[in-house]
Amino acid sequence: MHSHFHRSHPFGHWRRAFHELAWASCDPSDWARTWADDETRRARRFAHRRHDDDGGTAGLGVRRPLRFLADRLDLDEAQVQALARTLERLKLERAQAELDLRRAAAELADAFEAESFGREHAEAAAGLRAAAAQRVQEALARALEELHAQLAPEQRARLAALVRAGVIRL
């Protein structure tokens, strides 16, 4: 029922008991509000996971790409520095794409808010979304090209094996 309480948490059983007691003391109208708040928090917490699966804005599909690649590919210090710069540029491009997607959402909201459907707003939103996805894909291609240039042949072979195995998603 309350999956957001981790069993491995040292005080998880106390937190669960307290939460269940709090639920029992609420009147039914509070249950719905508490449930809705829990669902909203859960949706926000896992929103980044859905976003990573989105082909338009996905980068390297690992949580800590620099540390992960440095370890798995046995990168030297110069390679780590160069990779850090490359990943930072990719991160900035993804952040810009996020802003463009928010602008697109605002355009769609404007389309629905008008007396009659604002097709021009919907088309502008579609254009913003497509441009953001295209820019991120181009940035990812540049990042991969830079990564290829930085790696030695045996490191590229290890990276290719990680991609084939699905450990790294591009």
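FYI, it's all coordinate maths here, none of it is from the lab. Computed from a prediction, not measured in an experiment: that's the story for all the values here. Cβ atoms come from the backbone with ideal geometry, glycine included; neighbour counts cover every protein chain shown.
Based on the alpha-carbon gyration tensor of region 76-170 and its eigenvalue square roots a ≥ b ≥ c, which shape applies: rounded if a/c is under 1.5, prolate if not and a/b is larger than b/c, or oblate?
prolate
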Which order do Val136, Val167 fall in if you start with the one that has the fewest other Cβ atoms within 10 Å? Val167, Val136
What FRET efficiency, computed as 1/(1 + (r/R0)^6) with R0 = 22 Å and r the Cβ-Cβ distance, is obtained for Ala82 and Arg164, rounded to the nearest 0.05? 0.40
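Given R₀ = 25 Å, FRET efficiency for Leu144-Ala105 by Cβ-Cβ distance, to 0.05? Display every interim value, and only then the final one.
Working: r = 29 Å, r/R0 = 1.16.
After rounding to 0.05, the efficiency reads 0.30.
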List Leu162, Leu83 from most exposed to least, where exposure is judged by having the fewest other Cβ atoms within 10 Å. Leu162, Leu83
Residue span Glu115 to Arg67: 0.36 nm per residue of separation minus Cα-Cα distance leaves a gain in nm of 12.1 nm
Put +1 on the Cβ of every Lys and Arg and -1 on every Asp and Glu Cβ in region 65-165; which of Ala139, Gln81, Leu162 then has its Cα farthest towards the positive end of the dipole? Leu162
By the C-alpha gyration tensor axes a ≥ b ≥ c (rounded if a/c is under 1.5, else prolate when a/b exceeds b/c, else oblate), the shape of region 120-170 is oblate
